[in-house]
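Visitor: One structure, pasted below without further comment.
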Amino acid sequence: SPLAERLISPYLIASQAIPVIAIAPLLTIWINSTYWARVLVAVLVVFFPILINIIAGLRSIPNEKYELMASFQATPWQIFRKLEWPAALPIVLAGLKVGATLSVIGALVGEFVQPKTEGLGYLLITARYQFKTDLLFVVLFTLVAIALSMYGFVTLVEKRLLRWQNI
């Protein structure tokens, strides 16, 4: 609803002004789990772009379509299922594509803040300090492969869910 958007959007925008790398140590302390802190950092990185796409998708629905649904006395669930979900889905999936690649960055940021003796973040830091450019390139190409795989997965889901469109 427009009211909810006006109330929540200033806080969401303000939250994006804080670098995730600055929040990550706090999350590790508060959650007391490096694994879940890393997951939460990745979620924080992708949340805003996906949310913006959801809002844009819902805004793209013309009022006439809502009026048509009201004339048929559609329930809120029917409006969501028959109008809002199909109309917003292409834009939401575009946001998920962006989010899939950003999640790799979020996970890496989480590993930078709380490095262990495992993971790509640890390898990247180790390679940097030991001047091993070959290992740096291996890690970078692995990150690219992960991001491309995630993007490809969302693309497959998109093709499956949007068969009725020409993608």
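Visitor: Order of 124, 136 from fewest to most other C-beta atoms within 10 Å?
Guide: Listed from fewest to most nearby Cβ atoms, that is 136, 124.
Visitor: Let me check against my output: what whole-number percent is the relative contact order of region 2-161, with C-alpha pairs under 8 Å and at least 6 apart?
Guide: The normalised contact order for region 2-161 reaches 26 percent.
Visitor: For the chain, take the convex hull of the Cα atoms, compute a quarter of its surface area, and give me that in nm², please.
Guide: Taking the Cα atoms of the chain, their convex hull projects to 12.6 nm² on average.
Visitor: Divide by every residue of the chain the summed helix terms, -39500 (n - 2.57) for each DSSP H run of at least 4, and state the resulting mean residue ellipticity at 222 nm, rounded to the nearest 500 deg cm²/dmol.
Guide: -27000 deg cm²/dmol
Visitor: Can you compute the charge dipole magnitude of region 2-161 about its Cα centre, using +1 on each Lys and Arg Cβ and -1 on each Asp and Glu Cβ, nothing else charged? Give it in debye, rounded to the nearest 20.
Guide: For this selection, approximately 120 debye.
Visitor: Which one of 76, 103, 44 has its Cα pushed farthest toward the positive end of the charge dipole of the chain, where Lys and Arg give +1 and Asp and Glu give -1 at the Cβ?
Guide: 76
Visitor: Charges on Cβ only, +1 for Lys and Arg, -1 for Asp and Glu, centred on the Cα centroid of region 2-161; of 66, 33, 152, which one is farthest towards the dipole's positive end?
Guide: So the residue furthest toward the plus end is 152.
Visitor: Net charge near residue 165: determine it from the other residues with C-beta under 10 Å of the C-beta of residue 165, scoring Lys and Arg +1 and Asp and Glu -1.
Guide: Surrounding charge for residue 165 is +1.
Visitor: If you don't mind, there's one more thing I want to ask. How many nm is it between the label spots at residue 78 and residue 105, if each spot is 7 Å from the Cα in line with the beta carbon?
Guide: Result: 4.4 nm between the two label points.
Each value in this text was obtained by applying a stated rule to the coordinates, not by laboratory testing. Keep in mind that this is a model prediction, so the values were computed, not measured. Cβ atoms come from the backbone with ideal geometry, glycine included; neighbour counts cover every protein chain shown.
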